[in-house]
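Single-structure report; data block below.
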Amino acid sequence: MIARVNMGGPALHVAYLTAGLRDRGYDTTLVAGSLARGEDSMEFVADELGVEVERLPGLRRDISPVRDVVAVWRLAQVIRRERPAILHTHTAKAGAVGRLAALLAGDAKPPIVVHTFHGHVLRGYFGPLRSFGFRLLERWLARATTALIAVSPEVRDDLVALGVAPRERFTVVRLGIELAHRVTDVDGRDETRRVLGIGPDRFTVGWIGRMTGVKRTGDVLLAFKQLRDRGVDATLCLVGDGPERDHVERRAHELGIMRSTLFLGYQEDVAPFYAAFDAMILPSGNEGTPVSAIESLAAGRPVVATRVGGVPDVVRDGEDGFLVDRGAVDQLADALARLAEDPSLRERMGEAGRERVLARYAVDRLVDDVDRLYRALLADRRA
């Protein structure tokens, strides 16, 4: 179960995992809620994999006491109908709704309940009072959960520090993405640059994601302006959409960089864009496991990112990219300038990142990890 199949790592993760488990002999039902207004769907990935998504009316990202209660009741009905041996929830909203529904399912309550944290919203998203309330809820739900999964050691350690559960309750299972399909089977650099009007030797900075506050797209623009002010002939490519797009476009005008910035909107096929980039920038305020960073490294492109959440588990500072402090625009610009001035450094970092992430974030590895965990939990249950 996932809150919604929107653009991002969790949606890719559950689609690939569902298909992989099916191929291992599991009979799996994938349940998801509805997209928020302005969000882009990634359900096309599930369609390509032959994974059917059962829609749960009323389950939305935003908090609504009435809708959320209805979603819990409807999911309890699905559980009573399917009577699963395992309920596996992903992301915070689905984790709360799913685990509450399991408790209300009566004699159909799944004997095993697993929850995966793809990051968390327990700090920095809401005010102190609401954050405290959500932490209490997660601690209570953790006690009703058979196994807790974090997508990186950093996410696990953060949750332990917040008192959600002891360290020994967590298993780290990293994302699994079909990287060969998404970014590494297309070498469209020259063609994509020709279409976009970017010269073959012009330094190109890429960003891919959803334009929301936590992504700090304003820092992308400020760092790029500093790069341009240092005399670097560069283009910025922003791939994605979101509620802050109009604001980001206005800000680019105000900074005088609009003529060097391309707003490319949401794209299903991202491979040609990674091929066109020279480096990727990711100045987010928080991240679970950033898919765009993984894909960029898989495409052989170094990443400049903030040292937050699970980012250090993906990007090794000084080896396949650079990590900077959150909000440190000067550091972002410095790192980009180093890459712009040294093509051989870009190539070395890109090769190092590609060699590492292809196996580390493979779908087969994800399915192996989850299959192993499920079998261990089932064996413990039988014992």
Exercise for review: With an 8 Å cut-off on Cα pairs and a minimum separation of 6 or more residues, tell me the relative contact order of the stretch 184-360 in percent.
Suggested key: 24
Practice item. Please list 161-169, 350-358 highest first by mean number of surrounding beta-carbon atoms within 10 Å per residue. Key: 350-358, 161-169
Study note, to complete from the structure: Along the stretch 258-268, Karplus-curve 3J(HN,Hα) (6.51, -1.76, 1.60; θ = phi - 60°) to the nearest Hz, with x for Gly and Pro, reads 4, 5, 9, 10, 10, 9, 9, x, 6, 10, 6
Exercise for review: Sort the following peptides by mean Cβ neighbour count (other Cβ atoms within 10 Å, averaged over residues), highest first: 286-293, 196-203.
Suggested key: 286-293, 196-203
Practice item. Would you mind putting 212-220, 252-260, 54-62 in packing order, based on average other-beta-carbon counts within 10 Å, highest first? Key: 212-220, 54-62, 252-260
**Study point:** Residues whose placed amide H lies under 5 Å from that of Phe322, excluding near-sequence neighbours
**Key:** Val303, Val304, Ala305
Exercise for review: Using only alpha carbon pairs under 8 Å that are at least six residues apart, calculate the relative contact order of the chain and give it in whole percent.
Suggested key: 15
Exercise for review: Scan around Val172 for amide H atoms under 5 Å from its own, H built in the peptide plane at 1.01 Å from N, and keep only partners 5 or more places away or cross-chain.
Suggested key: Ala150
Check your understanding: Counting Lys and Arg as +1 and Asp and Glu as -1, each charge on the Cβ, what is the dipole of the stretch 184-360 about the Cα centre in debye, to the nearest 20?
Key -> 320
Review point. Where a Cα-Cα gap under 27 Å defines reach, which lysines qualify for Lys93, not counting those fewer than 8 residues away within the same chain?
Key: Lys109, Lys215
Revision key, fill the gap. Sorted by chain and then number, the residues having a modelled amide H within less than 5 Å of the amide H of Thr204, at least 5 places away or on another chain, are Thr235, Asp278, Ala279
Review point. Per-residue ellipticity at 222 nm for the chain, helices alone: DSSP H runs ≥ 4 residues times -39500 (n - 2.57), over residue total, nearest 500 deg cm²/dmol?
Key: -14500 deg cm²/dmol
**Study point:** Within a Gaussian network of the chain (alpha carbon springs, distance under 10 Å), most fluctuating of Asp320, Asp229, Asp158
**Key:** Asp229
**Study point:** Cα gyration tensor shape for the stretch 184-360, rounded if a/c is under 1.5, else prolate or oblate
**Key:** rounded
Check your understanding: Among the aspartates and glutamates, which have Cα under 15 Å from the Cα of Lys225 when same-chain residues fewer than 8 positions away are ignored?
Key -> Asp233, Glu249, Glu254, Asp330, Asp334
Study note, to complete from the structure: Per its Cα gyration tensor (rounded if a/c is under 1.5, else prolate when a/b beats b/c, else oblate), the stretch 1-104 is best filed as oblate
Exercise for review: Work out the charge dipole of the chain with +1 on the Cβ of Lys and Arg and -1 on the Cβ of Asp and Glu about the Cα centre, then indicate which of Trp140, Ala352, Thr306 is farthest towards its positive end.
Suggested key: Trp140
Review point. Put a dot 7 Å past each Cα toward the Cβ at Ser41 and Glu191; how far apart are the dots in nm?
Key: 2.7
Study note, to complete from the structure: Everything considered on the Cα gyration tensor (a ≥ b ≥ c; rounded for a/c under 1.5, else prolate if a/b is larger than b/c, else oblate), the chain must be described as prolate
Review point. What FRET efficiency comes out for the pair Asp233/Arg365, r = Cβ-Cβ distance, R0 = 41 Å, nearest 0.05?
Key: 0.50
Practice item. Would you kindly derive the ³J(HN,Hα) couplings of the stretch 198-207 from the backbone phi angles with the Karplus curve 6.51 cos²θ - 1.76 cosθ + 1.60 (θ = phi - 60°), listing them in order in whole Hz, with x for Gly and Pro? Key: 9, x, x, 9, 7, 5, 10, 9, x, 9
**Study point:** Percent antiparallel among DSSP beta bridges (both partners in the chain, rounded to 5)
**Key:** 5
**Study point:** Neighbourhood charge, 13 Å Cβ-Cβ cut-off, centred on Ala105 and excluding it, Lys, Arg +1 and Asp, Glu -1
**Key:** +4
Check your understanding: Projected onto the charge dipole of the stretch 97-245 (+1 at Lys/Arg Cβ, -1 at Asp/Glu Cβ, origin at the Cα centre), which of Ser152, Ala102, Met211 gives the Cα projection farthest towards the positive end?
Key -> Ala102
Point to revise | Pairwise label distance in nanometres, Asp27 with Asp269, each label 7 Å out on the Cα-Cβ vector | key: 3.9
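FYI, it's all coordinate maths here, none of it is from the lab. The structure displayed is predicted, hence computed values, not measured ones. No Cβ is skipped: glycine too gets one built from the backbone with ideal geometry, and neighbour counts run over all protein chains shown.
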